[in-house]
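The values are calculated or read from the model by the stated rules, or taken from the named source; none is laboratory data. Please read all numbers here as calculations on a predicted model, not as lab measurements. Here Cβ is always computed from backbone atoms with ideal geometry, including for glycine, and neighbour counts include all displayed protein chains.
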Amino acid sequence: MNTAEHPDILRTGVSVWNEWRRANPDIVPDLHMASLMNKDLRGADLRGANLEWADLLSSDLSGADLRKANLHGVDARNSKFINAQLQGANLYGAVLIDSDFTAADLTGSCVYGVSAWNVQLDAAIQQSLVITRPDEPKITVDDLQVAQFIYFILNHANLRTVLNSMTQRGVLILGRFGGGGLDVLYAVADSLREKGYLPIIFDFERPDSMDYTETVQTLAGLSRFVVADLSGPSVPQELYATVPHLKLPFVMILERGRQPYSLFRTLLQYDWVIKPIVEFENPEELKELLPEKIVAPAEQRFEYRKQLLRELFSASQSAP
């Protein structure tokens with residue numbers, strides 16, 4: 001049989017496919033670059049199959065047997081792998097965005113280069129996931145969602161690139177989320193994004209091992225500058241935990257007609273807090289003010305700090 005016929009057999013239906021596999025146990029199915037989008041492949045016997053670069057977009061592979069299957073580069077966005085067996089599978093470079101791996105077994109699979117945003121992993125077995133290329137010493141972790149991060153830590157050049165990208169382009173945005181506050185934060189984020197920055201809005205659950213303040217401290221330390229909306233009660237603790245200790249630019253914004261919390265003025269003593277506070281009427285006006293009143297002074301302070309550090313380190317290296 002011509003291997004080009006293998007995808008047609010699978011498209012005929014899982015029952016036909018599985019019967020064919022039982023009748024031809026020595027044949028390695030060739031499904032590379034096969035178009036299998038939106039297919040019902042529940043319970044399919046795909047052990048050892050070559051699915052390299054196949055299109056599995058929005059397909060249902062729940063209960064499928066994918067042990068030692070080659071899934072290199074597959075597009076499996078929004079696909080289901082519920083209770084699937086993927087032990088030893090090659091997921092090198094697979095796109096798994098919005099996919100569901102609930103109760104799947106990923107033991108020993110290669111996950112180098114996977115794109116795993118918003119993946120459901122409830123009750124999934126994630127033991128000994130290989131995060132390195134085949135030509136590199138094997139390193140394993142037990143969590144798909146941290147696999148890429150661990151690889152960056154181990155690969156110092158990549159980690160340096162990620163950190164540089166954050167510190168050169170990241171901007172942390174703090175503020176209130178109620179009473180229209182979130183619209184303000186999104187307006188700032190949109191304008192910053194248009195200028196090539198990476199805006200980070202703190203609107204998510206804290207990590208289990210850190211409180212909210214510690215999380216803000218971590219994000220602020222990775223940022224080029226911080227924008228804080230003083231129009232509500234959301235930021236006092238975060239500012240007191242960051243401003244005195246991180247000498248990066250802090251730009252304060254305030255909705256016109258509102259008052260900042262009473263003890264805020266004590267933070268104005270720090271040179272890296274940009275003065276004056278930027279007042280705005282609405283998100284539209286804030287977006288207009290952003291280039292001149294927020295970005296420009298923050299960048300000026302950032303460059304001043306960078307020059308100061310350069311001079312300090314230069315002096316320390318030349319000292320006897």
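Number of residues in segment 77-99 that are more than 23 Å from Arg133 (Cα to Cα) and in a strand (DSSP E or B) equals 1. Restricted to segment 82-124, and to residues that are among the charged types (D, E, K, R) and within 22 Å of the chain's Cα centre (by Cα), which residue is farthest from Asp40 (Cα to Cα)? Looking at residues that are among the charged types (D, E, K, R) and within 22 Å of the chain's Cα centre (by Cα), I get Asp122. None of Thr102, Thr132 is at pLDDT below 95 and in a loop (DSSP other than H, G, I, E, B) except Thr132.
Within segment 196-280, which strands (runs of 3 or more DSSP E) (wholly inside it) include 1 or more residues that are within 21 Å of Gly170 (Cα to Cα), modelled with pLDDT under 90 and out of contact with any Phe, Trp or Tyr (no Cβ under 6 Å at 6 or more places or on another chain)? So that I can check it myself, show each step before the final result.
Details: elements: 198-201, 225-229, 250-255, 278-280.
The strands (runs of 3 or more DSSP E) meeting that bar are 198-201.
Pairing each residue of segment 85-111 that is closer than 13 Å to Leu121 by Cβ with any residue that is surrounded by fewer than 24 Cβ atoms within 10 Å (Cβ to Cβ) and acidic (Asp, Glu), provided the two are 6+ apart or on different chains, yields C-beta distances under 8 Å for Leu86/Asp105; Thr102/Asp122; Ala103/Asp122. Hey, among Leu248, Leu239, Leu289, Leu230, which residue is in contact with a strand residue (DSSP E or B) (Cβ under 8 Å, 6 or more places away or on another chain) and within 18 Å of Leu182 (Cβ to Cβ)? Going through Leu248, Leu239, Leu289, Leu230 in turn, the sole match is Leu230.
Inspection of segment 36-43 finds no residue satisfying the criterion of being under 28 Å from the mean Cα position of the chain (by Cα), surrounded by 18 or more Cβ atoms within 10 Å (Cβ to Cβ) and within 18 Å of Val111 (Cβ to Cβ).
If you go through segment 18-37 one residue at a time, do you hit one that is in contact (Cβ under 8 Å) with a residue 24 or more places away in the chain, assigned by TED's automatic domain parsing to the domain that holds Ala64, assigned to a helix (DSSP H, G or I) and aromatic (Phe, Trp, Tyr)? Scanning segment 18-37, I find no residue that is in contact (Cβ under 8 Å) with a residue 24 or more places away in the chain, assigned by TED's automatic domain parsing to the domain that holds Ala64, assigned to a helix (DSSP H, G or I) and aromatic (Phe, Trp, Tyr), so the answer is no.
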